[in-house]
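Visitor: What follows is a single structure, and I will ask about it in a moment.
The values are calculated or read from the model by the stated rules, or taken from the named source; none is laboratory data. Note that the coordinates shown come from a computational prediction; the quantities given were computed from them, not determined experimentally. So basically every Cβ, Gly included, is an ideal-geometry build from the backbone, and we count neighbours across all protein chains shown.
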Amino acid sequence: MIDTAQRLREAGLRVTRRRMAILRTLDTLGGHRTADELATALDNAGEPVPRASLYHALGSLADAGVLMVADAGPGVARYETGADWHHHFVCRRCGAIIDVPCAVGRQPCLEPELPGLVVEEAQVIYRGLCASCASR
């Protein structure tokens, strides 16, 4: 795995302390994290980031493809690191979010048969009960 600074450089972004801290924190936490969870973890690590700056950095990192916005439906945006485009399964009972590989493995995965459109991404959200909740 390439290091954090190299990931930023390869995405055409300046390497800043704030971006490095956000990416390292997201890598450490893993999963699908909200901006609030990231802010708390950064505060606890002694690297507080003002909310406006955090949202700006998350947006820049997502736009550059360094992190992804994990679309789990309406509500709070969640962020994750990862290189492969994928979809999500959301458990209706416990709220777990599970990565689901894209059938094609790259964006947009699905394309409507409508002439003239340029589809950049398609988001599929599976909902139901995760294996743990279904077995109860």
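Visitor: Working only within the stretch 23-42, note down all residues that are closer than 14 Å to Leu67 by Cβ and either outside the structural domain of Ala64 (by TED's automatic domain parsing) or out of contact with any strand residue (DSSP E or B) (no Cβ under 9 Å at 6 or more places or on another chain) (or both). First the steps, then the outcome.
Guide: We begin by selecting, within the stretch 23-42, every residue closer than 14 Å to Leu67 by Cβ; these are 23-35, 37-38.
Of everything in the stretch 23-42, those that are closer than 14 Å to Leu67 by Cβ and either outside the structural domain of Ala64 (by TED's automatic domain parsing) or out of contact with any strand residue (DSSP E or B) (no Cβ under 9 Å at 6 or more places or on another chain) (or both) turn out to be Leu23, Arg24, Asp27, Thr28, Leu29.
Visitor: Do we have any residue at all in the stretch 57-64 that's more than 30 Å from Val104 (Cα to Cα), at pLDDT 95 or above and not acidic (Asp, Glu)? Spell out the reasoning first.
Guide: Here is the first cut: in the stretch 57-64, the ones more than 30 Å from Val104 (Cα to Cα) are none.
No, there is no match, as no residue in the stretch 57-64 is more than 30 Å from Val104 (Cα to Cα), at pLDDT 95 or above and not acidic (Asp, Glu).
Visitor: While we're on this one: Among the residues that make up the stretch 78-87, is at least one of them over 20 Å from Leu29 (Cα atoms) and of a type in the set (Gly, Ala, Ser)?
Guide: In the first step, residues of the stretch 78-87 are kept if they are over 20 Å from Leu29 (Cα atoms); the result is none.
The answer is no; no qualifying residue exists.
Visitor: Now, a different point. List the number of the failed condition for Cys130; all other conditions in (1) modelled with pLDDT of 85 or more; (2) within 13 Å of the chain's Cα centre (by Cα) hold.
Guide: Here Cys130 meets the rest and fails (2).
Visitor: Of all residues in the stretch 33-56 being touching a residue at least 40 places away in the same chain (Cβ under 8 Å) and not in a strand (DSSP E or B), which is surrounded by the fewest Cβ atoms within 10 Å (Cβ to Cβ)?
Guide: It comes out as Asp36.
Visitor: Could you tell me whether any residue of the stretch 70-87 is in contact with a helix residue (DSSP H, G or I) (Cβ under 8 Å, 6 or more places away or on another chain), surrounded by fewer than 15 Cβ atoms within 10 Å (Cβ to Cβ) and under 21 Å from Leu23 (Cβ atoms)? Let's see the steps before the verdict.
Guide: Narrowing the stretch 70-87 to residues in contact with a helix residue (DSSP H, G or I) (Cβ under 8 Å, 6 or more places away or on another chain): 76-77, 79-81.
Filter once more, keeping what is surrounded by fewer than 15 Cβ atoms within 10 Å (Cβ to Cβ): 76.
From what is left, the residues that are under 21 Å from Leu23 (Cβ atoms) are 76.
Yes, the stretch 70-87 contains a residue that is in contact with a helix residue (DSSP H, G or I) (Cβ under 8 Å, 6 or more places away or on another chain), surrounded by fewer than 15 Cβ atoms within 10 Å (Cβ to Cβ) and under 21 Å from Leu23 (Cβ atoms).
Visitor: Out of Pro108, Pro74, Pro48, which single residue is in the same structural domain as Arg9 (by TED's automatic domain parsing) and modelled with pLDDT under 90? Before you say what the answer is, go through the steps one by one.
Guide: On the way: Pro108 fails: in the same structural domain as Arg9 (by TED's automatic domain parsing); Pro48 fails: modelled with pLDDT under 90.
Result: Pro74 is the single residue among Pro108, Pro74, Pro48 that is in the same structural domain as Arg9 (by TED's automatic domain parsing) and modelled with pLDDT under 90.
Visitor: Sticking with this structure for a sec: Being touching a residue at least 12 places away in the same chain (Cβ under 8 Å) and either hydrophobic (A, V, I, L, M, F, W, C) or closer than 18 Å to Val69 by Cβ (or both) is the filter here; which residues of the stretch 1-11 pass it? Working first, answer last.
Guide: From the stretch 1-11, those touching a residue at least 12 places away in the same chain (Cβ under 8 Å) are 4-5, 7-8, 11; that's our starting set.
Across the stretch 1-11, the qualifying residues are Ala5, Arg7, Leu8, Ala11.
Visitor: Please enumerate the residues belonging to the stretch 12-26 that are in contact (Cβ under 8 Å) with a residue 40 or more places away in the chain and surrounded by 15 or more Cβ atoms within 10 Å (Cβ to Cβ).
Guide: Selection gives Leu13, Arg19, Leu23, Leu26.
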